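Please read the structure below before turning to the comments.
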Amino acid sequence: MIRNHFKVNLQPLHFIFILAVCVLVLLVVYGFRLIATADRVSPGANLMSREAPKVDEVLLAAPELNLPRCPPAGVPALQPSPQTGHHKVTLSWKASSPSSDPDRIAVGYCLYRSGKQNAAKQNPTCSNCELINPIPIAGTSCVDDLVKDSATYYYVVTAINAKGKISSSSNETPAISASGSYLG
């Protein structure tokens with residue numbers, strides 16, 4: 001007769017420890033995935049606005065050397081005024097997909113907005129659109145703090161390569177500049 005000398009005596013504390021280790025492993029794997037896919041955006045990336053805690057707010061990136069300028073839009077960008085600056089729209093998007101074609105490698109992202117729905121989606125440099133950032137943003141998020149209070153804006157993002165060519169527009173997302181940010 002064969003006897004099993006090994007008994008598993010799983011206490012609640014052991015179960016919690018095993019669960020914590022599993023969660024930690026999942027977080028590490030997810031973190032490596034985020035690092036591996038950082039700074040890549042597909043031309044049809046999903047753009048969304050979200051409410052950000054004060055610590056997460058990232059203002060438009062400072063100009064980096066050797067980056068092309070974003071193509072201008074039809075309407076000049078808003079300048080700070082008594083009507084702007086009270087509210088912010090926080091934007092984030094997915095990075096561009098990697099490519100072996102140098103003409104498809106994104107070096108940054110250009111953001112456009114319009115007060116009319118579908119205007120920016122059809123053509124980000126349209127006559128009713130404003131360029132948010134003249135120098136491409138290297139990351140995948142920014143804060144638009146030059147919005148008029150209680151106004152609705154429609155945003156799109158495009159990837160730009162080293163030669164200054166922009167990709168097609170991302171999905172358009174609306175945002176209302178009010179005390180609470182709109183989640184798109």
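Computed from the coordinates by the stated procedures, all read-outs in this text should not be read as laboratory data. Keep in mind that this is a model prediction, so the values were computed, not measured. Please note: Cβ atoms are built from the backbone with ideal geometry, for glycine as well, and neighbour counts cover all protein chains shown.
Per-structure values
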{"item": "Potential extension, Phe17-Asn66 segment - 0.36 nm per residue separation minus Cα distance", "result": "12.6 nm"}
{"item": "Residues Lys163, Lys88, sorted so that the one with the fewest Cβ neighbours within 10 Å comes first", "result": "Lys163, Lys88"}
{"item": "Built amide H within the under 5 Å cut-off of Gly108, gap 5+", "result": "Ile160"}
{"item": "Taking Asp144, Asp101 and counting other C-beta atoms within 10 Å, the order from fewest to most", "result": "Asp101, Asp144"}
{"item": "Arg104-Ser150 pseudo-label distance in nm [points 7 Å out on the Cα-to-Cβ vector]", "result": "4.7"}
